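The values are calculated or read from the model by the stated rules, or taken from the named source; none is laboratory data. Just so it is clear, the structure is predicted and the values come from calculations on it, not from any experiment. Quick reminder, even Gly has a Cβ in these numbers, built from the backbone with ideal geometry, and neighbours come from all protein chains shown.
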Amino acid sequence: MAQIVKRAFKFRFYPTPEQADELARTFGCVRLVYNKALQERTRAYRSEGRKVSYVESSAALTEWKRTEELDFLAEVSSVPLQQALRHLQTAFANFFAQRAGYPAFKSRKKSRLSAEYTRSAFRYHDGRLTLAKMDAPLNIVWSRPLPEGADPSTVTVSKDAAGRWSVSILCEDTVRPLDPTSDMVGVDAGITALVTLSRPIPGVTDDDGKVTNPRHERADRRRLARAQRIPARKEKGSANRGRARVKVARVHARITDRRRDVLHKLTTAIVRENQVVVIEDLTVRNLVKNHSLARAISDASWRQMRTMLEYKAQWYGRELLVVDRWFPSSKLCSACGALQRFMPLNVRDWVCACGVVHDRDVNAAKNILAAGLAER
Ligand SMILES: [Zn+2]
């Protein structure tokens, strides 16, 4: 059965100087409103043990706009400010439900610059998106089409540390389950290979079932490591240090963009080709601490990949199983079940006593598949 899902479509855009200025002011106001409301809620909670509601915060915002020192809040679109209060409300709901820690202030340097516009604060017509307080539509690079007859409900504008602007457009989209298949696959997360599948998918993995890291990434990682050392040497607050920071952010953005593209293609192929997909729960594996850059990037992509597999499996009528038990997937022979006593990390291929020759990662992926099916 077809289902309607909410789907975000993200694009780059190039603002005019006036638009950039308007957005920069809006980002500043969003951050200020969020922090001020958080401060007030914290005070009420600490001193009176009282929970402040969204409605109260919203009423307070109206008051702030009337004061002399904060009257500039009335100059930007009120919707992103209201949305900031809604986000704060969600952050508190998560805190009270013990799903998250206490909400944190948005710092000038580290927090993401973004503003969220709901329907009343933008117009979308014939591929032209115009935000409140702006005369001209945004100059968006439409890298792919929005769904036919798209009626966006939310638009989020952001600027990343590399200085790039993007707009994320939330639309309803119709997804239909794929035809059932009897194929199943286990997925092993790696560092040298991005992932290894228990069976290859032609055109997506190599003949063994491995997906390598995106091209150029090795060079980019070296660049990143080099660029990261520079800001520390420059004087704090200097223009050079600022430039060095942007450089780091650019290389980082390029790596994560390429990764995301690769992960989208990969997860779509995995879900398309298999009825059942089994992955490992990496929170278990993270007990093994390793702070290398390669590790950090691979952990981030693994989380991203898991999220993609979760929603795509749901969209297309597939089953995703997560093996959350620590088991020796590399040391176990997937053919006979014999357990090897030693399996140093540098061993890539090995021969079991039963005579089967294993690729370490493919064998692990096969064991993950078997463990998932056994737990089901
Ligand atoms: Zn064996």
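Residues of the stretch 337-374 that are among the charged types (D, E, K, R) and either at pLDDT 90 or above or near the ligand (Cβ under 8 Å from one of its atoms) (or both): Asp349, Asp359, Arg360, Asp361, Lys366.
Out of the residues in the stretch 307-336 meeting the condition of being in contact with a Leu (Cβ under 7 Å, 6 or more places away or on another chain) and not in a helix (DSSP H, G or I), tell me which one is farthest from the ligand (Cβ to nearest atom). Here the answer is Gly317. Picking from residues in the stretch 48-71 that are modelled with pLDDT of 95 or more and of a type in the set (S, T, N, Q), the one that is farthest from Phe92 (Cα to Cα) is Thr67. Filter the stretch 205-218 down to residues that are at pLDDT 85 or above and surrounded by fewer than 17 Cβ atoms within 10 Å (Cβ to Cβ) and give me whichever is nearest to Val262 (Cα to Cα). Ranking the candidates gives Thr212 first. With the condition kept exactly as written, say whether any residue in the stretch 15-24 is modelled with pLDDT of 95 or more, in the same structural domain as Lys110 (by the TED database), within 31 Å of the chain's Cα centre (by Cα) and part of a loop (DSSP other than H, G, I, E, B). Scanning the stretch 15-24, I find at least one residue that is modelled with pLDDT of 95 or more, in the same structural domain as Lys110 (by the TED database), within 31 Å of the chain's Cα centre (by Cα) and part of a loop (DSSP other than H, G, I, E, B), so the answer is yes.
Out of curiosity, is Gln340 without any contact (Cβ under 8 Å) to a residue 60 or more places away in the chain, among the polar types (S, T, N, Q) and within 23 Å of Val175 (Cβ to Cβ)? So that I can check it myself, show each step before the final result.
Values: without any contact (Cβ under 8 Å) to a residue 60 or more places away in the chain: yes; among the polar types (S, T, N, Q): yes; within 23 Å of Val175 (Cβ to Cβ): no.
No, not satisfied.
Could you please find all residues in the stretch 77-105 being outside any helix (DSSP H, G or I) and buried (at least 19 other Cβ atoms within 10 Å of the Cβ)? Can you show your working first?
Here is the first cut: in the stretch 77-105, the residues outside any helix (DSSP H, G or I) are 77, 97-105.
The answer is Ser77, Pro103.
Cβ-Cβ distances below 6 Å connect the following pairs, each with a first residue in the stretch 296-313 that is surrounded by 16 or more Cβ atoms within 10 Å (Cβ to Cβ), a second residue that is charged (D, E, K, R), and a separation of six or more residues or different chains: Ser301/Arg259. Pairing residues of the stretch 343-355 that are within 15 Å of Thr196 (Cβ to Cβ) with residues that are within 13 Å of the ligand (Cβ to nearest atom) and part of a loop (DSSP other than H, G, I, E, B), at Cβ distances under 6 Å and at least 6 apart in sequence or on separate chains, gives no pairs at all. A count restricted to the stretch 107-145 and to residues that are part of a loop (DSSP other than H, G, I, E, B) and touching a residue at least 40 places away in the same chain (Cβ under 8 Å) stands at 13. When each of Ser111, Ser120 is tested for being in contact with a helix residue (DSSP H, G or I) (Cβ under 7 Å, 6 or more places away or on another chain), modelled with pLDDT under 90 and over 29 Å from Gly317 (Cβ atoms), the lone residue that passes is Ser111. Here the helices (runs of 4 or more DSSP H) wholly within the stretch 198-288 that include at least 3 residues being in contact with a Leu (Cβ under 8 Å, 6 or more places away or on another chain) are 217-233, 239-273. Do you know which of the residues in the stretch 25-61 that are touching a residue at least 60 places away in the same chain (Cβ under 8 Å) and within 15 Å of Glu75 (Cβ to Cβ) is surrounded by the fewest Cβ atoms within 10 Å (Cβ to Cβ)? Across the stretch 25-61, the extreme among qualifying residues is Phe27. For Glu148, the conditions (1) over 26 Å from Ser301 (Cβ atoms); (2) part of a loop (DSSP other than H, G, I, E, B); (3) in contact with a strand residue (DSSP E or B) (Cβ under 9 Å, 6 or more places away or on another chain) are fulfilled apart from (3).
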